[in-house]
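Taking it in order: structure first as structure tokens, then the write-up.
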Amino acid sequence: MIYIEPELLERVNTWLTPAFDNETQAHIKNLIATNPKELKESFYKNLEFGTGGMRGVMGIGTNRINKYTLGKNTQGLSNYLHQSFPNETIKVAIAFDCRHNSQSLAKLVANVFSANNIEVFLFEDLRPTPELSFALKHLGCHCGIVLTASHNPPEYNGYKVYWQDGGQLVPPQDIEIINEINNLDYSEIKFEANESLIQYIGKEVDDVFINASIKNGSFNTTQQAKDNLNIVFTSLHGTSITIIPETLKRAEYKKVHIVEEQAEPNGDFPTVASPNPEEPEALKMALDLADKVEGDIVIGTDPDSDRIGVAVRDFNGNMTLLNGNQAMLMMTDFLLKQWHAEGKIQGNQFIGSTIVSTPMMSVLAKAYGVECKIGLTGFKWIAKMIKDFPELDFVGGGEESFGYMVGDFVRDKDAVTATLLACEIAAQAKANGSSFYNELIKLYVKHGLYKERLISLTKKGIEGAQEIKQMMVDFRKKPLTIINNSKVIRIEDYQSSMAKNLVTRIEEMIPIPKSNVLIYYTEDGSQIALRPSGTEPKIKFYISVNTTLDNVSDFIITEQKLETKIDAIIKDMQLN
């Protein structure tokens with residue numbers, strides 16, 4: 001006899017009631033008889049909303065992505081929409097990516113909304129996440145959904161929820177909606193569609209979105225400069241193939257080489273170990289093509305086209321992948337230069353970043369006389385900044401995890417417009433006898449050389465989640481006092497909302513929402529942030545060090561010194 005904990009058994013038994021179809025019940029009974037470990041993994045908790053919505057492995061159970069977990073989410077969201085907008089015709093927009101079951105799950109979500117008398121605009125085929133954010137506002141919707149698991153492995157899918165402003169859910173809506181969902185019984189889900197309320201959308205929205213991307217991402221680059229830029233692009237089997245090549249074409253970039261082997265959308269992502277442009281291996285085919293065609297810049301996007309990887313040629317002519325901080329700095333500096341040249345910086349502008357991204361964003365903002373607002377990890381917080389400060393002009397913003405947003409016409413990270421912006425930077429630099437890479441190093445000479453590295457430790461399953469939880473407890477109960485022979489002078493604990501200066505012993509409140517993040521600051525200017533991932537079974541350590549850089553020619557040797565320093569921090573903290 002297999003023993004099942006009472007709480008788990010209660011969850012499992014709920015799924016053996018008539019509210020669930022026969023196939024689901026048969027699958028659960030088989031798990032009970034043959035695979036109790038998988039049964040526990042599938043039911044030991046409910047999937048939770050993290051920094052990028054809800055993501056999880058597809059399958060049966062409360063801890064899986066399936067018709068019932070998404071149906072319950074959508075039913076709860078429908079109830080909340082009716083409560084929030086009692087006298088309005090409620091509209092939602094839905095998009096989906098290339099993943100297995102994304103299209104069928106998107107239709108299921110549309111069915112539930114329509115069954116609740118909500119008008120639905122459903123994309124006819126896969127589309128980028130930023131286009132959903134744009135379409136939501138363009139069509140006057142109250143809410144939007146994207147079926148995607150971003151760059152997670154093929155067995156994952158997910159459910160991102162957007163609100164009226166085009167940004168993802170933030171407090172208080174997120175908690176209120178989660179409470180509404182948790183108070184529901186599965187038998188209350190309305191699955192029967194009202195097809196008359198579902199309208200399919202496609203090219204007509206594409207055209208408006210592409211035009212808006214070109215308007216926001218183009219900056220007086222001459223046609224000759226565009227003609228001289230040699231671009232290599234890969235969609236990594238994802239959605240961006242539907243939009244980015246056409247955007248570059250309409251922006252009059254003519255030398256665009258597409259990695260054809262990765263151009264076909266495919267949820268198995270057959271040519272890469274991970275469809276994540278943060279990983280150099282993911283862009284290998286694009287880098288190889290760049291060497292073949294003498295490309296100046298390589299652009300790669302993740303499956304739902306919100307993250308962008310950029311590779312450019314270094315001083316030796318070799319392609320090098322920029323990290324997210326470097327790409328963000330270059331894009332932000334370029335935008336600020338344009339705003340300054342047009343006389344648009346008057347003291348009420350701001351850029352956005354996150355607590356685990358490079359501190360150099362604040363340095364850059366100060367140099368241009370604009371504010372740098374810093375929020376929690378996730379672009380929903382940058383979107384919230386725009387909503388919370390309507391009196392300020394938003395220039396652009398990003399985060400270290402390869403996301404960037406140009407202006408506020410899209411309220412999420414946007415690899416479409418960011419691709420165009422990266423090409424504008426590269427084209428103008430080349431036309432001026434410089435390069436994207438050279439301009440980056442010149443930034444470091446002007447503002448200081450900041451070097452970051454991310455260490456991710458994967459801890460899967462129930463045991464892994466507990467291990468991650470314990471690591472955070474340990475770092476809080478026994479905080480480090482010295483890191484790599486440098487005294488810790490400040491600790492910020494975003495879970496308790498307290499920051500403590502270890503020199504003056506003064507404590508102060510952190511004025512942003514609570515989050516499970518801990519940041520150490522040391523005497524020599526190093527910064528180490530740690531947080532569990534909100535969407536993956538990982539604990540992440542973000543390390544930042546810096547020094548001055550006297551001239552461009554000193555970059556390589558100075559950078560190596562900082563790399564060595566990061567290595568020493570990793571060894572000292574036993575992260576390798």
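What to note about this one:
- Listed by first and then second residue, the pairs with beta-carbon distance under 7 Å, at least 6 apart or on different chains, first residue in region 396-413 and without any contact (Cβ under 8 Å) to a residue 40 or more places away in the chain, second open to solvent by 10 Å² or more (accessible area, probe 1.4 Å), are Asp408/Ile386; Asp408/Phe394.
- Of residues in region 168-213 being under 30 Å from Arg250 (Cα atoms) and among the aromatic types (Phe, Trp, Tyr), the one most open to solvent (accessible area, probe 1.4 Å): Tyr200
- Checking Asn576 against (1) outside any loop (DSSP other than H, G, I, E, B); (2) open to solvent by 60 Å² or more (accessible area, probe 1.4 Å), the condition it does not meet: (1)
- Pick from region 147-157, criterion within 13 Å of the chain's Cα centre (by Cα) and not polar (S, T, N, Q), ranking: modelled with the highest pLDDT: Ala149
- Among the conditions (1) buried (at least 21 other Cβ atoms within 10 Å of the Cβ); (2) within 30 Å of Asp302 (Cα to Cα); (3) touching a helix residue (DSSP H, G or I) at 6+ places or on another chain (Cβ under 8 Å), Leu139 misses just one, which is (1).
- Candidate set: region 494-532, residues that are under 23 Å from Ile566 (Cβ atoms) and acidic (Asp, Glu); chosen: the one least open to solvent (accessible area, probe 1.4 Å): Asp524
- Any chance Lys469 is open to solvent by 50 Å² or more (accessible area, probe 1.4 Å), under 30 Å from Tyr156 (Cβ atoms) and out of contact with any Leu (no Cβ under 9 Å at 6 or more places or on another chain): yes
Conditions tested, residue by residue: (1) touching a residue at least 24 places away in the same chain (Cβ under 8 Å); (2) of a type outside the set (Gly, Ala, Ser); (3) over 30 Å from Thr14 (Cα atoms).
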{"site": "Leu184", "(1), (2), (3)": "yes, yes, no"}
{"site": "Ile189", "(1), (2), (3)": "yes, yes, no"}
{"site": "Ile198", "(1), (2), (3)": "yes, yes, yes"}
{"site": "Lys203", "(1), (2), (3)": "no, yes, yes"}
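- Identity of the residue in region 564-573, open to solvent by less than 50 Å² (accessible area, probe 1.4 Å) and in a helix (DSSP H, G or I), that ends up nearest to Ile483 (Cα to Cα): Ile569
- Filter pass, Gly53 being open to solvent by less than 20 Å² (accessible area, probe 1.4 Å), touching a strand residue (DSSP E or B) at 6+ places or on another chain (Cβ under 9 Å) and at positive phi: yes
- Matching residues, region 181-218, being farther than 23 Å from Tyr159 by Cα and over 24 Å from the mean Cα position of the chain (by Cα): Ser196, Lys203, Glu204, Asp207
- Region 410-460, residues that are more than 20 Å from the chain's Cα centre (by Cα), small (Gly, Ala, Ser) and open to solvent by less than 30 Å² (accessible area, probe 1.4 Å): Ala426, Ala427, Ala429, Ser434, Gly448
- Flag for Ser553 being modelled with pLDDT of 95 or more, open to solvent by 40 Å² or more (accessible area, probe 1.4 Å) and over 26 Å from Asn325 (Cα atoms): no
- Count of residues meeting criterion [part of a loop (DSSP other than H, G, I, E, B) and closer than 16 Å to Tyr200 by Cβ] in region 137-146: 2
- Phe541 vs. criteria among the aromatic types (Phe, Trp, Tyr), modelled with pLDDT of 95 or more and under 23 Å from the mean Cα position of the chain (by Cα): yes
The values are calculated or read from the model by the stated rules, or taken from the named source; none is laboratory data. Not measured: the values here are computed from a predicted model. Cβ atoms come from the backbone with ideal geometry, glycine included; neighbour counts cover every protein chain shown. In case anyone asks, the SASA skips ligands and DNA or RNA and just uses the protein heavy atoms, side chains included. Shrake-Rupley method; radii C 1.70, N 1.55, O 1.52, S 1.80 Å.
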